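A.B. asks: One structure coming up, written as structure tokens, with questions to follow.
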Ligand code: ADP
Ligand code: MG
């Protein structure tokens, strides 16, 4: 089943003074099937954040549509958007976005509190997730008391506790050391194997090599796609590196 469809997406930013226009997205087109793990790569300025913001309904496109389970995100009414986001999407950000005055547990509960789930129910959902993520012992701690990797695990718990249709991750390993990166990538692979659909924007070839499909964006368009097929992570890593070389050096010959 197709979970996400992106059609003819265009985004033009107009600067306030001088009327200069920047075409951040020219014509983005792709879809994601239920259970897929997709990585999106592209150089700085290629439109990744713009795309993710539109998929997260944080920004609106100039043209085009985004269908999440058939529902057009672009036309969800402004006052319903926050609830829509909470009910259907999970987010993992590079810089975690945890609230410092809340324990990890309360941070994880935040999207549920906003949805009026009972405290008893929240605890029942939390335990198996916290166990899988290895954070049971630190749930009462505050973000400043734990490591970056632990904060990111709590952020993943917060993203999955609502059982979102889709997880959107923006450079989720960007602030982690290599050990915490490995552990996060293992975790993402694990929750994907259990059926969670994931869309991850990343600069990191290593992170992308864990996905099952890699989309490359250049100048606001999908330039190329790689499917894992039967490749191992190492083989996919090599293929991604090759593609990035073409993208950054010989790209003109391919257009
Ligand atoms: P990436 O995340 O791949 O680095 P972005 O989506 O941030 O790329 O940016 C794509 C292009 O759009 C860039 O040229 C950037 O300068 C421009 N851009 C991004 N946000 C804005 C904005 N709010 N106003 C004007 N231009 C923007
Ligand atoms: Mg960006």
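Each value in this text was obtained by applying a stated rule to the coordinates, not by laboratory testing. No experiment lies behind these values; they were computed from the predicted model shown. When we count neighbours, we look across all protein chains shown, and the Cβ atoms used for this are built from the backbone with ideal geometry, even at glycine.
A.B. asks: Could you work out the Kirkwood radius for the chain, taking every pair of different alpha carbons, averaging 1/r and inverting it, reported in Å?
C.D. replies: Evaluated over the chain, this radius sits at 19.1 Å.
A.B. asks: For a Förster distance of 22 Å, can you work out the FRET efficiency between the beta-carbons of residue 10 and residue 75, rounded to the nearest 0.05?
C.D. replies: Once rounded, the FRET efficiency stands at 0.85.
A.B. asks: Give the percent of DSSP beta bridges with both residues in segment 2-248 that are antiparallel, rounded to the nearest 5.
C.D. replies: Expressed as a percentage, antiparallel bridges in segment 2-248 total about 55.
A.B. asks: Could you state the number of Å between the C-alpha centres of segment 103-123 and segment 162-195?
C.D. replies: About 21 Å separates the Cα centre of segment 162-195 from the one of segment 103-123.
A.B. asks: Rounded to the nearest 0.05, what FRET efficiency do residue 249 and residue 49 have when you use their Cβ-Cβ distance and R0 = 30 Å?
C.D. replies: 0.80
A.B. asks: Okay, next question. Figure the gain on full extension for residue 190 and residue 106 (residue separation times 0.36 nm, minus the Cα-Cα span) and round it to one decimal in nm.
C.D. replies: Length difference between fully extended and current span is 27.8 nm.
A.B. asks: If I take the Cα coordinates of segment 44-188 and project them onto the principal axes, what are the three extents in Å, biggest first?
C.D. replies: 47, 39, 26
A.B. asks: Given the rule -39500 (n - 2.57) for each run of at least 4 DSSP H residues, summed and divided by the residues of the chain, what is its mean residue ellipticity at 222 nm, to the nearest 500 deg cm²/dmol?
C.D. replies: Calculated mean residue ellipticity at 222 nm is -11000 deg cm²/dmol.
A.B. asks: Got a sec? How would 86, 77, 213 order by Cβ neighbour count within 10 Å, fewest to most?
C.D. replies: 77, 86, 213
A.B. asks: Subtracting the Cα-Cα distance from 0.36 nm times the residue separation, let me have the gained length for residue 140 to residue 84 in nm, one decimal.
C.D. replies: Length gained between residue 140 and residue 84: 17.3 nm.
A.B. asks: Let me ask something else. Given a cut-off of under 8 Å on Cα pairs at least six residues apart, what relative contact order in percent is computed for the chain?
C.D. replies: That works out to 26 percent.
A.B. asks: Here is a further query. Grab the Cα-Cα distance for residue 242 and residue 119, subtract it from 0.36 nm times how many residues apart they are, and report the gain in nm with one decimal.
C.D. replies: 39.3 nm
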